[in-house]
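Asker: Following this message is one structure expressed as structure tokens.
No value in this document is a laboratory result; all are computed from the given coordinates. Worth saying up front: this structure is predicted, and the values here are computed from it rather than measured. Don't worry about glycine lacking a Cβ; one is built from the backbone with ideal geometry, like all the others, and counts go over all protein chains shown.
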Amino acid sequence: LIALALIVVTLSFTSDAFLTSNNVLNVLRQTALLFLLASGLTIVILTAGLDLSVGANIGLSACLAATVIKSTGSISLALLAGMGSGFLIGLINGGLIAFLRIPPFIATYGMLWILHGVTYWFMGGQTIHGFPADFRAIGSGYIWGIPIPVFLMFGFLLVGTVFLQRTRWGQEIYAVGANREAAHLSGIPVNRRLVLAYVMSGLMAGLASLIFLARLNSAEGDIGESMTLPAIAAVLIGGTSLFGGVGTITGTLIGALILTLVLNGMNLLSINANWQPLVTGLIVIVAVYLDNISNK
């Protein structure tokens, strides 16, 4: 929170455009997309796991949803296709990790390449664009002057917080990440909780794909490829430990805000965009280093 406040104050004094309504709404819209993807990833990392396939999940889910809406004209079927794709991918990831005992890094890294291959084959180099206005409103519409994704962001912030902090399943996810063997000996169904975590990550990737698709108003094979690392960065910056068992959805929102504001500030200050990946990488390294110090 202190880092977030310092960034806001600094940008307020260094850029006249920072506190304009258009820029604030733009920051919130970008944060919402990043947060929705990172919130599901948070649950996975709480189990001491990792999901490297979320960006590729967005790509395939968005392309499937785009195909459905263009071929049928049904927004409901498109939403079902996007969410269903995300759910199935998460279920497969969870099964590979929980029942086949494949390490999360390897399982989801392999899934990343599989999904990229399927998406490129499915799209065949084509671009799908031009969706109904009602569908585009999901990503670019407003309610009372506030972007619709921002309402979704705070809605899932509430749901995710209640799930992790106030339900038995959420507490069991923390327990699995803190000490898997102790959780098993305590009677917690570890495999089922692992599958649940990856399914939720897949579902949130599916939701993010729909918002991203509606915002861009087009889909192609490489959509979503750049989303994985910023989502992981948001989770780590927000204080969720790679060792599992420690972290909150609220922290992930703060991490997403910090990352979005840093990149937004660099754009406002006309800093070369080529420096943005370097800054993002440094932020992630510092966050993980602080996490290591905290654990020691």
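Asker: Taking the alpha carbon gyration tensor of the chain, what are the square roots of 5 times its eigenvalues, largest first, to the nearest whole Å? Walk me through the numbers on the way to the answer.
Answerer: Details: eigenvalues 161, 137, 59 Å².
In descending order the semi-axes read 28, 26, 17 Å.
Asker: For LEU158 and TRP113, calculate 0.36 nm times their separation in residues minus their Cα-Cα distance, and state this gained length in nm to one decimal. Numbers along the way, then the final one.
Answerer: Numbers: separation 45, 0.36 × 45 = 16.20 nm, distance 3.31 nm.
Result: 12.9 nm gained on full extension.
Asker: Let me ask you something else. Using alpha carbons only, how many angstrom separate the centre of region 165-181 from the centre of region 195-262?
Answerer: 21 Å
Asker: Okay, moving on. Under a point spin-label approximation (7 Å from Cα along Cα-to-Cβ), what is the LEU229-VAL286 distance to one decimal in nm?
Answerer: Taking the simple label geometry, LEU229 and VAL286 are separated by 1.8 nm.
Asker: Of the peptides 18-26, 219-227, 253-261, how do they stack up when ordered by the mean number of other Cβ atoms within 10 Å, highest first? Provide the component values of the computation, followed by the final result.
Answerer: Details: 18-26: 12.8, 219-227: 20.3, 253-261: 24.1.
Descending packing order for the listed peptides: 253-261, 219-227, 18-26.
Asker: In nm, to one decimal, how far is the modelled label at ALA137 from the one at LEU19, with both set 7 Å along Cα→Cβ?
Answerer: With each label placed 7 Å out from Cα toward Cβ, I get 3.4 nm.
Asker: What list of ³J(HN,Hα) couplings, whole Hz, do you get for region 165-182 from phi and the Karplus terms 6.51, -1.76, 1.60, once you set θ to phi - 60° and write x for glycine and proline?
Answerer: Whole-Hz 3J(HN,Hα) from phi for region 165-182: 9, 10, 10, 5, 4, x, 5, 5, 5, 4, 5, 4, x, 6, 6, 4, 5, 5.
Asker: From the backbone phi of region 59-67, what are the Karplus-calculated ³J(HN,Hα) couplings (6.51 cos²θ - 1.76 cosθ + 1.60, θ = phi - 60°) in whole Hz, Gly and Pro given as x?
Answerer: Values per residue, Gly and Pro as x: x, 5, 5, 5, 5, 5, 4, 4, 5 Hz.
Asker: I would also like to ask the following. Roughly how many whole Å is it from the C-alpha centroid of region 263-296 to that of region 9-27?
Answerer: Each part's Cα centre sits 19 Å from the other's.
Asker: Based on the Cβ-Cβ distance of TYR120 and ASN26, what FRET efficiency does E = 1/(1 + (r/R0)^6) give at R0 = 30 Å, to the nearest 0.05?
Answerer: Working: r = 31 Å, r/R0 = 1.02.
That gives a FRET efficiency of 0.45.
Asker: Between GLY49 and residues 5 or more places away or on another chain, which pairs have amide H atoms under 5 Å apart, with H built 1.01 Å from N, and which residues are they?
Answerer: Placed amide hydrogens put nothing under 5 Å from GLY49.
Asker: What percent of all Cα-Cα pairs in region 162-296 falls into each 10 Å bin, going from 0 up to the bin containing the maximum distance?
Answerer: Pairs per bin, as whole percents: 11, 32, 35, 17, 5, 0.
Asker: List the extent of the Cα atoms of region 70-196 along each of their three principal axes, largest first, rounded to whole Å.
Answerer: Per principal axis, max minus min of the Cα coordinates gives 54, 41, 21 Å.
Asker: Which loop chymotrypsin sites (Phe, Trp or Tyr not before Pro) in region 213-296, with loop taken from DSSP, have no more than 15 other Cβ atoms within 10 angstrom of their Cβ? Walk me through the intermediate numbers first.
Answerer: Numbers: sites: PHE243, TRP275, TYR289; in loops: PHE243.
Counting only loop positions with at most 15 other Cβ atoms within 10 Å, the chymotrypsin sites (Phe, Trp or Tyr not before Pro) in region 213-296 are PHE243.
Asker: Based on the mean of other Cβ atoms within 10 Å per residue, sort peptides 155-163, 8-16, 56-64 so the most packed one is first.
Answerer: Working: 155-163: 15.7, 8-16: 12.8, 56-64: 30.2.
Ranking, from highest mean packing down: 56-64, 155-163, 8-16.
Asker: Still on this structure: Could you work out the helix-only [θ] at 222 nm for the chain, with each DSSP H run of four or more residues adding -39,500 (n - 2.57) and the total divided by the number of residues, to the nearest 500 deg cm²/dmol?
Answerer: Working: 13 runs with 223 residues, N = 296.
Helix-only estimate at 222 nm: -25500 deg cm²/dmol.
Asker: For a quick protection proxy, order the peptides 68-79, 179-190 by their average other-Cβ count within 10 Å, most packed first.
Answerer: Numbers: 68-79: 16.5, 179-190: 14.0.
Put in order of decreasing packing, that is 68-79, 179-190.
Asker: Another question, if that's okay. Provide the per-residue ³J(HN,Hα) series for region 123-131, in order, calculated from phi with Karplus coefficients 6.51, -1.76, 1.60 and θ = phi - 60°, each as a whole number of Hz, with x at glycine and proline positions.
Answerer: 7, x, x, 8, 10, 9, 8, x, 10
Asker: Still on this structure, I have one more. Scan around TYR142 for amide H atoms under 5 Å from its own, H built in the peptide plane at 1.01 Å from N, and keep only partners 5 or more places away or cross-chain.
Answerer: Long-range HN contacts for TYR142: ILE148.
Asker: I would also like to ask the following. For the chain, modelled as a GNM with alpha-carbon contacts under 10 angstrom, which of ILE283, ILE114, ILE97 fluctuates the most?
Answerer: ILE114
Asker: If each residue of separation counts as 0.36 nm, what is the full-extension length gain between GLU181 and VAL279 once their alpha-carbon separation is subtracted?
Answerer: Values: separation 98, 0.36 × 98 = 35.28 nm, distance 3.77 nm.
Extra length available between GLU181 and VAL279 comes to 31.5 nm.
Asker: Compute the whole-percent fraction of alpha carbon pairs in region 224-296 spaced more than 16 Å apart.
Answerer: Values: 1292 of 2628 pairs.
Every Cα pair in region 224-296 considered, those over 16 Å come to 49 percent.
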